[in-house]
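Peer 1: I have a structure here, written as structure tokens, and I will follow up with some questions on it.
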Amino acid sequence: MELTRWAHALSGSLLSEPLPRRWAHCLGVAERARSLAPILGNDAELLESAAVLHDIGYAPSIATTGFHPLDGARFLRHEEHADERVVSLVAHHSCAVLEAEERGLRRDLESEFVQEQPELRDALLFCDMTTTPYGKPTTPTDRLAEIVRRYGPDTVVGRFIQRATPEMHAAVHRVERRMAESAPGGQPM
């Protein structure tokens, strides 16, 4: 619980006033992370912490490159001396390596931050892609379409999302299957 309390407080201090909608999204993503506890075991607190922190790189006080996963992870590592697993999840959340490639930052991201285990990356992506910008539940299809509409299809973010869509849907399906299998009498979807 200590890690989660720290993560919520830090994220709130960075996002709640300058970016209240982004803060609402992070709270919604953290709520989704809590719902995955049955498949996370000892990593439930880790995922919730990464979930509430995943977008802190948008905070004006720490944004330097304009690529929020890298800015957030660097801040967590160098300023907060955060748990490296949280740092890794923030750095690589939601197929960040593909957006890094669009921005010419892939080498930086991959050389500075190792990838966390695939099941946790999938879980964080699931939480992010099933939560609206306002922190409410949504479908991955609606969330991805909303991102492309908001940024435009020919922008860095729009191009990245369109490239990442198949893997994002696949990750969501893997998490849904794990949740179904973990339910009493669960069967794969």
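The values are calculated or read from the model by the stated rules, or taken from the named source; none is laboratory data. Owing to the predicted nature of the structure, the values given are computational and were not obtained by experimental measurement. With ideal geometry, Cβ positions are generated from the backbone for all residues, glycine too; neighbour counts draw on all protein chains shown. Quick note on the areas: whole protein, heavy atoms, side chains included, nothing else; ligands and nucleic acids left out. Shrake-Rupley method; radii C 1.70, N 1.55, O 1.52, S 1.80 Å.
Peer 1: Starting from the coordinates of the alpha-carbon atoms of the range 5-98, obtain the Kirkwood hydrodynamic radius over all distinct pairs and give the value in Å to one decimal.
Peer 2: The Cα-based Kirkwood calculation yields 13.0 Å.
Peer 1: Per-residue ellipticity at 222 nm for the chain, helices alone: DSSP H runs ≥ 4 residues times -39500 (n - 2.57), over residue total, nearest 500 deg cm²/dmol?
Peer 2: It lands at -21000 deg cm²/dmol.
Peer 1: Moving to a separate point now. Distance between Cα centroids, the range 16-79 to the range 116-179: provide it in whole Å.
Peer 2: What the calculation gives is 15 Å, centre to centre.
Peer 1: I need the chymotrypsin sites (Phe, Trp or Tyr not before Pro) found in the range 92-151, filtered to DSSP loop residues with at most 15 other beta carbons within 10 Å of theirs. Present the calculation step by step, with values, prior to reporting the outcome.
Peer 2: Details: sites: 113, 126, 134, 151; in loops: 113, 134.
Taking the range 92-151 and a limit of 15 other Cβ atoms within 10 Å, the loop chymotrypsin sites (Phe, Trp or Tyr not before Pro) found are 134.
Peer 1: Would you work out the charge dipole size for the chain about its Cα centre, treating the Cβ of every Lys and Arg as +1 and the Cβ of every Asp and Glu as -1, and quote it to the nearest 20 debye?
Peer 2: Magnitude of the dipole: close to 500 debye.
Peer 1: Given the Cα-Cα distance of residue 64 and residue 132 and 0.36 nm per residue of separation, how much length would full extension add, in nm?
Peer 2: Result for the pair: 22.0 nm of gain on full extension.
Peer 1: Can you give the extra length, in nm with one decimal, that the chain gains between residue 167 and residue 2 once fully stretched, where that is 0.36 nm per residue apart less the Cα-Cα distance?
Peer 2: In short, 56.1 nm is gained.
Peer 1: Turning to a different aspect of this structure: Let me check something: with ligands and nucleic acids excluded, how do 128, 43 order by accessible area (1.4 Å probe), largest to smallest? Before the final figure, lay out the partial values.
Peer 2: Working: 128 10, 43 30 Å².
Reading off the accessible areas and sorting them downward yields 43, 128.
Peer 1: Could you provide, to the nearest whole Å², the per residue accessible area of the chain with probe 1.4 Å?
Peer 2: Normalised by residue count, the accessible surface of the chain is 47 Å².
Peer 1: Name the shape class, rounded, prolate or oblate, that the alpha-carbon gyration tensor gives for the range 110-160, where a ≥ b ≥ c are the square roots of its eigenvalues, rounded holds for a/c under 1.5, and otherwise prolate holds if a/b is larger than b/c and oblate otherwise.
Peer 2: Values: a/c = 2.79, a/b = 1.29, b/c = 2.15.
Oblate, since a/c reaches 1.5 and b/c is not below a/b.
Peer 1: Output the relative contact order of the range 63-163, whole-number percent, from Cα pairs under 8 angstrom with separation of 6+ residues.
Peer 2: Contact order relative to length: 22 percent.
Peer 1: Percent relative contact order of the chain, based on C-alpha pairs within less than 8 angstrom and at least six residues apart?
Peer 2: It comes to 21 percent, rounded to a whole number.
Peer 1: Let me ask something additional. Could you tell me which label, among (i) 15.8, 46; (ii) 18.6, 62; (iii) 15.5, 49, carries the value of Rg and Dmax of the Cα atoms in Å calculated for this structure?
Peer 2: So the calculated entry is the one marked (iii).
Peer 1: Express the carbon and sulfur contribution to the solvent-accessible surface of the chain as a percent, rounded to the nearest whole number, probe 1.4 angstrom.
Peer 2: Using a 1.4 Å probe with all protein chains present, the chain comes out at 53 percent carbon and sulfur.
Peer 1: Within the chain, which is the longest segment containing none of the GluC sites (Glu not before Pro) that sit in a DSSP loop and have at most 16 other Cβ atoms within 10 Å?
Peer 2: Formally, the longest exposed-site-free interval is 81-189.
Peer 1: How long is the gain from residue 181 to residue 145 if the chain were fully straight, where each residue apart is worth 0.36 nm and the alpha carbon distance is subtracted?
Peer 2: Full-extension gain reported as 10.1 nm.
Peer 1: Relative contact order for the range 25-73: what percent, with Cα pairs under 8 Å and sequence separation of 6 or more?
Peer 2: Averaging sequence separation for qualifying contacts and normalising by length gives 31 percent for the range 25-73.
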